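What follows is a single structure, written as structure tokens, with notes after it.
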Amino acid sequence: MMRLEGRTATVTGGAGGIGRAAAIALAAEGARVAVIDLQKEAAEAVAEEIRGSGGTAIAVGADVSSEPDVEAAVREVVDAFGGVDIAFNNAGIIRRSTAVDTSVDDWDRVFGVNVRGVFLMCKHVVPLMAGRGGGSIINTGSGWGLTGGGQAISYCASKGAVVNMTRALAIDHGPQGIRVNSVNPGDIDTGMLRDEARQLGQDASVFLADAADRPLRRMGQPSEVANAVVWLASDESSFVTGAALVVDGGGIA
Ligand code: NAI
């Protein structure tokens, strides 16, 4: 028995890294999946991969920081699948700089994607979920949204906002049967980590080795975050809402 049979899931940032792994994992549990990403072609490749394994998926091109894009994307999902039961709001970007070195444009872009993107997806899927008697929203925060971290001022601030927005959403929409949780990864082996090494002018292999200096002595794999997302999406987590689930191999700072 698949855990998400008959449900529809949206996954933003679904073309890469954690989002791609989650889209595949949600589909493997029987969900119909909409892979939403700025990179339409890469999203299409993920949808194709899911369909190739017998799952159901569509790709939707959208910039989550744009309300017209998000409205159009959600409409496309409803036209294709009839509604939304699960929303994994995961698209995110990082800028590695201190407050002194961060431009206002970079600050606004990080908040546009990481915070406004999550807000816009919630704004447009909550009424659909409420109309169906409930749903599950999972927002991607970060270990650094809970602890802070060095040389990532806009990112840490944005992820702290995601964690607390998640709690506020859980309070507002629990009575409608909608659970809202955040998943907070530590270092996960994705393109984002390589981008961070580039931004800091570090050799990617040294940066990735440092990232593995944790109790479990390795970086995480996208599929290990995806497993947590599937659990939060499923009825197995039926009494869990407003939670900040950390998936980081133990210890972040
Ligand atoms: P990634 O860079 O591999 O994938 C991010 C995806 O989001 C890409 O496919 C990209 O095209 C898409 N995207 C970016 N801006 C977008 C926009 N405006 N609209 C739509 N799609 C957009 O990154 P990764 O590592 O998979 O990150 C996923 C989430 O996990 C992010 O929110 C990130 O902050 C968070 N995270 C990642 C960690 C890591 O170590 N990789 C650690 C903690 C949190």
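The values are calculated or read from the model by the stated rules, or taken from the named source; none is laboratory data. Remember, it's a predicted structure, so these values are computed and weren't measured experimentally. Counting neighbours? That spans all protein chains shown, and the Cβs are built from the backbone with ideal geometry, glycine included. With ligands, DNA and RNA removed, areas are computed over all heavy atoms of the protein, side chains included. Shrake-Rupley method; radii C 1.70, N 1.55, O 1.52, S 1.80 Å.
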Quiz prompt | Using θ = phi - 60° and Karplus 6.51 cos²θ - 1.76 cosθ + 1.60, couplings along the stretch 99-108 (whole Hz; Gly, Pro as x) | solution = 4, 5, 8, 8, 6, 4, 4, 5, 4, 5
Practice problem: Could you tell me whether the stretch 110-154 comes out rounded, prolate or oblate from its Cα gyration tensor? Rule is a ≥ b ≥ c as square roots of the eigenvalues, rounded for a/c under 1.5, then prolate if a/b exceeds b/c, otherwise oblate. | Solution: oblate
Practice problem: Compute the length gained on full extension between ARG217 and ALA168: take 0.36 nm times their separation in residues and subtract their Cα-Cα distance, giving the result in nm to one decimal. | Solution: 14.2 nm
Self-check item: Amide H within-cut-off set for VAL246, under 5 Å, with H built and near neighbours excluded
Solution: ASN184
Quiz prompt | q = 0.14, 0.16 Å⁻¹, the stretch 130-197: log10 I(q)/I(0) [Debye, one scatterer per Cα] | solution = -0.50, -0.60
Practice problem: Sort the following peptides by mean Cβ neighbour count (other Cβ atoms within 10 Å, averaged over residues), highest first: 94-105, 29-40. | Solution: 29-40, 94-105
Self-check item: Amide H contacts under 5 Å for THR56, placed H, 5+ residues apart
Solution: VAL33
Quiz item: Suppose R0 equals 45 Å; then what is the FRET efficiency for ASP195 and THR56 from their Cβ-Cβ distance, rounded to the nearest 0.05?
Solution: 0.90
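For a quick protection proxy, order the peptides 136-143, 186-193 by their average other-Cβ count within 10 Å, most packed first.
On the way: 136-143: 26.9, 186-193: 18.5.
Ranked from most to least packed, the peptides come out as 136-143, 186-193.
Report the gain in length on full extension from SER205 to ASP106: 0.36 nm times residue separation, minus Cα-Cα distance, nm rounded to one decimal. Working shown, then result.
Numbers: separation 99, 0.36 × 99 = 35.64 nm, distance 2.60 nm.
This chain segment gains 33.0 nm when fully extended.
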Self-check item: Calculated diffusion of the stretch 85-140, Stokes-Einstein form, Kirkwood radius summed over Cα pairs, 4 °C and 1.567 mPa s, µm²/s
Solution: 103
Exercise. Compute the long axis of helix 153-173 from its Cα atoms, compare it with the longest principal axis of the Cα atoms of the chain, and write down the angle in degrees, 0 to 90, nearest 10.
Key: 30
Exercise. With everything on Cα atoms, drop me the angle between helix 117-131 and the longest principal axis of the chain, reported from 0 to 90° to the nearest 10.
Key: 20
Exercise. Could you please tell me the mean projected area of the C-alpha convex hull for the stretch 164-224, averaged over all directions and given in square nanometres to one decimal?
Key: 5.8
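Within the accessible area of the chain, what % is carbon and sulfur when the probe is 1.4 Å and the other protein chains stay in place?
Details: 5740 of 10850 Å².
So the carbon and sulfur contribution to the accessible surface is 53 percent.
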Quiz item: Hey, how much of the P(r) for the chain falls beyond 35 Å, as a percent of Cα pairs?
Solution: 9
Self-check item: Two-site label geometry, GLU49 and SER238: point separation in nm, points 7 Å out along Cα→Cβ
Solution: 3.3
Quiz item: Mind checking Rg over Rh on the stretch 1-63, alpha carbons, Kirkwood formula for Rh?
Solution: 0.95
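Per residue, how many Å² of accessible area does the chain show with a 1.4 Å probe? Working shown, then result.
Details: 10850 Å² over 253 residues.
Accessible surface, normalised per residue, equals 43 Å².
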Practice problem: Please state, rounded to one decimal and in Å, the Kirkwood hydrodynamic radius that the stretch 1-106 gives when every pair of distinct Cα atoms enters the mean of 1/r. | Solution: 14.1
Exercise. Can you pull the one-decimal nm distance between simple spin-label points at THR98 and GLN176, each 7 Å off the Cα toward Cβ?
Key: 4.4
Quiz item: Quick one, what does Rg over Rh come out to for the stretch 103-223 if you take C-alpha atoms and the Kirkwood Rh?
Solution: 1.04
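Counting only helical runs of four or more DSSP H residues, what would the 222 nm mean residue ellipticity of the chain come to if each run contributes -39,500 (n - 2.57) and the total is spread over all its residues?
Working: 10 runs with 118 residues, N = 253.
Counting only the DSSP helices, I get -14500 deg cm²/dmol.
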